[in-house]
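The block underneath contains the structure these notes are about, expressed in structure tokens.
Throughout, read-outs are computed from the coordinates displayed, never taken from laboratory work. All of these numbers come straight from a predicted model, not from anything done at the bench. Virtual Cβ from ideal backbone geometry, glycine too; neighbours counted across all protein chains shown.
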Number of protein chains: 2
Amino acid sequence: MANLTHKFSALSDATRLSVVERLMAEGELPAGAIVAQADMSAPAMSRHLKVLREAGLIHQRVEGTKRLYSVRPEAMRAIADWTMDHKQFWDASLDRLEAHLALSPEGDDT
Amino acid sequence: MANLTHKFSALSDATRLSVVERLMAEGELPAGAIVAQADMSAPAMSRHLKVLREAGLIHQRVEGTKRLYSVRPEAMRAIADWTMDHKQFWDASLDRLEAHLALSPEGDDT
DNA sequence: ACGTTAATTAGCGAATCAGTTAATTTTAGA
DNA sequence: TCTAAAATTAACTGATTCGCTAATTAACGT
């Protein structure tokens, strides 16, 4: 299904992330509808869709001259699974962080 | 904290993803220990660490001549939150997918 | 067969990225 | 103070990315 870094790479672009979010919110959409709302040429969007497809994040269905795109739930699940694999780390760490901040309210950064 | 695409971008590189995973597994580590296990020069790794830092994924603590790195749990949480925001989509979709496959076992791809 | 619509691929330039070696900075120790 | 250790920044190169316009492919409707 293409690996995790590949998926993260696909989602590292604002245009592509919003396409994925829109497809999740609205369901299957033709390429034309996706281009219409983006301030970008059709070829540029077509390449973004290709990147998302190659990362396994979206699925393309052909219907006549139209290409209908939708998000692959398995791909989203793969990302969710990764975060869950490490939930123990960030969950516990956040608890400790909160406890610490409750005692000494500093404001730590980079 | 730097936005989501920024974090996805930082995690889109295999070297950086494994650094993050190692830090979650082993806890805080000095730059030297991180370089030691990567087949890469120190400057190259230093830049990867900078990318992770700028994405808000890791925290740097100075101790003498050493730079100690650790994963920021809030950053991991931000990613987990994003997946959870859309859980309803992928969870429900996967259920439908399974139900569908149970009836017609095809094997659909890109 | 022809023109139209939907979308993709081809080709180009500017910008960014990931690696290298060399040089610099900062702290610790003799 | 002089040297060594830890790490970063500087400067350079090759590869990739992202946008554009132009050209191509594929399916419909007449």
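Per the conditions (1) closer than 28 Å to B:L97 by Cβ; (2) surrounded by 12 or more Cβ atoms within 10 Å (Cβ to Cβ), the sole criterion not satisfied by A:A25 is (2).
Kindly indicate whether any position in the stretch B:84-96 is more than 9 Å from chain A (Cβ to nearest Cβ) and crowded, with 16+ Cβ neighbours inside 10 Å. No, the stretch B:84-96 contains no residue that is more than 9 Å from chain A (Cβ to nearest Cβ) and crowded, with 16+ Cβ neighbours inside 10 Å.
Screening B:A2 with (1) within 25 Å of A:R16 (Cα to Cα); (2) in a helix (DSSP H, G or I) gives one miss only, at (2).
When A:A2, A:A14 are checked against the criterion of being loosely packed, with under 13 Cβ neighbours inside 10 Å and within 18 Å of the chain's Cα centre (by Cα), a single residue qualifies: A:A14. Taking the stretch B:29-45 on its own, how many of its residues are surrounded by 15 or more Cβ atoms within 10 Å (Cβ to Cβ) and not aliphatic (A, V, I, L, M)? Adding up the residues that qualify gives 1. Among the listed residues A:M40, A:M45, identify the single one that is of a type in the set (A, V, I, L, M), in a loop (DSSP other than H, G, I, E, B), free of Cβ contacts under 8 Å to residues at least 40 places away in the same chain and over 22 Å from B:Q88 (Cα atoms). Answer to the selection: A:M40.
Residues in the stretch A:19-40: is at least one at the interface with chain B (Cβ under 10 Å from one of its Cβ atoms) and of a type in the set (D, E, K, R)? Within the stretch A:19-40, one or more residues are at the interface with chain B (Cβ under 10 Å from one of its Cβ atoms) and of a type in the set (D, E, K, R). Where residues in the stretch B:58-74 are away from chain A (no Cβ under 11 Å) and under 20 Å from B:S18 (Cβ atoms), which of them is nearest to DNA strand C (Cβ to nearest atom)? Out of the qualifying residues, it is B:R67. From the residues in the stretch A:53-74 that are of a type in the set (V, I, T) and part of a strand (DSSP E or B), which one is farthest from A:T5 (Cα to Cα)? Residue satisfying both the conditions and the ranking: A:V62. Go through (1) assigned to a helix (DSSP H, G or I); (2) within 13 Å of DNA strand C (Cβ to nearest atom) one by one and return the number of the condition B:R77 breaks. So the condition that B:R77 fails would be (2). Residue-level check: of (1) away from DNA strand D (no atom under 15 Å from the Cβ); (2) assigned to a helix (DSSP H, G or I); (3) surrounded by fewer than 17 Cβ atoms within 10 Å (Cβ to Cβ); (4) within 11 Å of another protein chain (Cβ to nearest Cβ), B:K50 misses just (1).
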